[in-house]
Amino acid sequence: MSAVTINPRIRGFICLSAHPEGCAANVQRQVELAKKDGPGSGIGTALVVGSSAGYGLSSLITAVFGYGAKALSVCFERPGNGEKTASAGWYNLAEAHRLAKAAGRQLETINGDAFSIPIKEQAVAALKARFGKIDLLIYSLASPKRTDPATGTTHSSVLKPIGPPYESKTINLDTDQIAPITIQPATDVDIENTVKVMGGDDWRMWVEALRAADLLAPGFRTVAYSYIGPQLTHAIYRAGTIGRAKDHLESTARAMDQELSKSLGGHAWVSVNKALVTQASSAIPVVPLYISLLYKVMKAKGTHEGTVEQMLRLFRTHIGPGKQPTLDADGRIRIDDREMAKDVQDAVAKVWTDVTSENLMAVSDYAGFKREFRSLFGFEMPGIDYQTPTEVERPL
């Protein structure tokens with residue numbers, strides 16, 4: 001292996017490189033927060049599906065370092081090769097593994113297509129061999145495609161409104177200019193495909209595979225993540241194709257909750273989380289502008305949280321040992337409560353009407369959005385010398 005200097009290669013909402021030291025620093029910060037906030041014990045064994053970035057990574061860190069869990073993680077990431085960097089998720093988990101080993105904690109990762117039967121079988125075999133029954137399953141997959149193992153058909157999700165075309169404004173992430181956007185409505189096939197990818201089918205398959213293998217502990221809990229968002233994005237998000245998929249996810253949770261409650265005294269819930277900068281959210285038109293305005297308002301009010309702060313609060317107040325979550329009228333955990341507070345949404349809506357390319361940097365936290373986006377890939381992290389060559393191949 002030879003050391004190379006790594007620079008960000010960014011096009012719009014895609015970054016083609018990642019920095020191992022920067023990703024490690026991000027994980028280290030989250031681990032320290034989890035150690036400080038969590039009780040240090042309370043969860044026996046956790047399985048995190050979609051564990052390498054965003055809410056999934058923060059859930060894994062919270063379970064292992066905040067609650068002392070033995071954990072199996074499942075992800076689909078790219079290792080480094082020669083001078084080509086690994087994906088950010090690979091570097092994130094490489095550091096999580098290093099820190100877990102140093103702390104004497106049990107953490108293993110299976111890298112592959114979590115939608116597939118073979119990866120589920122690998123997870124079942126690993127749990128039987130080295131973990132035992134699981135107490136907590138976090139389901140946090142974010143993928144644009146899914147091959148249905150029952151049919152072999154590959155489905156692709158789309159972000160489209162249902163009904164009339166959607167018209168709004170968004171930020172061009174390459175030019176930093178605000179521009180109008182029109183998105184044409186979805187077809188019935190678009191809706192069906194999006195539900196197949198982002199609905200509850202695969203989550204249920206994971207639970208059923210674990211149940212069939214007798215790997216669900218008494219009182220087993222499982223949580224999947226969702227988003228509702230503001231009125232500003234309602235037509236394109238919650239009332240669109242993704243919203244239809246989230247409806248399916250939530251109905252799946254209600255059905256599984258009844259089944260698990262009867263058989264194990266267990267539960268299945270959906271947690272509606274806050275809008276945060278992720279590669280997935282950055283790809284959604286309108287959302288980067290909304291997040292930039294939201295961050296400005298919430299930081300000024302002192303209510304802003306990042307992914308790990310959100311997950312620590314979720315565990316501490318809703319899904320941790322001995323906790324019974326507070327649910328809304330539709331049976332959902334609402335950890336997005338601070339984002340959706342009326343004063344916050346009123347402030348964002350007021351600025352939304354007036355924001356332009358010329359005043360964007362003054363009235364929003366777009367600079368913070370861009371900085372946080374780069375930090376997802378290990379760039380612009382404080383204390384990292386980006387001019388120093390580094391090894392791109394890191395063991396998981």
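Please specify each residue of region 277-298 satisfying the condition of being under 11 Å from the mean Cα position of the chain (by Cα) and either hydroxyl-bearing (Ser, Thr, Tyr) or surrounded by fewer than 23 Cβ atoms within 10 Å (Cβ to Cβ) (or both).
Within region 277-298, Thr278, Gln279, Ala280, Ser281 meet the criteria.
Being touching a residue at least 24 places away in the same chain (Cβ under 8 Å) and either surrounded by fewer than 22 Cβ atoms within 10 Å (Cβ to Cβ) or of a type in the set (Lys, Arg) (or both) is the requirement here; does Gly66 meet it?
no
Filter region 184-206 down to residues that are crowded, with 18+ Cβ neighbours inside 10 Å and of a type in the set (S, T, N, Q) and give me whichever is nearest to the chain's Cα centre (by Cα).
Filtering first and then ranking leaves Thr194.
Hey, among the residues in region 128-140 that are in contact with a Leu (Cβ under 8 Å, 6 or more places away or on another chain) and assigned to a helix (DSSP H, G or I), which one's farthest from Asp214 (Cα to Cα)?
Among those residues, the one meeting the criterion is Phe131.
Here are the criteria: (1) surrounded by 15 or more Cβ atoms within 10 Å (Cβ to Cβ); (2) assigned to a helix (DSSP H, G or I); (3) not acidic (Asp, Glu). Tell me which single one Ser143 does not satisfy.
Result: Ser143 passes all but (2).
Does any residue in region 192-208 that is closer than 21 Å to Phe220 by Cα come within less than 6 Å, Cβ to Cβ, of a residue that is among the small types (Gly, Ala, Ser) and modelled with pLDDT of 95 or more six or more places away or on a different chain, and which pairs are these?
Pairs that qualify, where the first residue is closer than 21 Å to Phe220 by Cα and the partner is among the small types (Gly, Ala, Ser) and modelled with pLDDT of 95 or more, are Trp203/Ala224.
For Ala96, indicate whether it is within 17 Å of Thr45 (Cβ to Cβ), in contact (Cβ under 8 Å) with a residue 12 or more places away in the chain, within 24 Å of the chain's Cα centre (by Cα) and surrounded by 21 or more Cβ atoms within 10 Å (Cβ to Cβ).
Yes: the conditions hold for Ala96.
Just need a number here: residues in region 327-357 that are assigned to a loop (DSSP other than H, G, I, E, B), surrounded by fewer than 16 Cβ atoms within 10 Å (Cβ to Cβ) and either in contact (Cβ under 8 Å) with a residue 60 or more places away in the chain or in contact with a Ser or Thr (Cβ under 8 Å, 6 or more places away or on another chain) (or both).
The number of residues fulfilling the criteria is 6.
The values are calculated or read from the model by the stated rules, or taken from the named source; none is laboratory data. All figures in this text were calculated on a predicted structure; none of them were measured in a lab. Because the Cβ atoms are built from the backbone with ideal geometry, glycine has one as well, and the counts that use them run over all protein chains shown.
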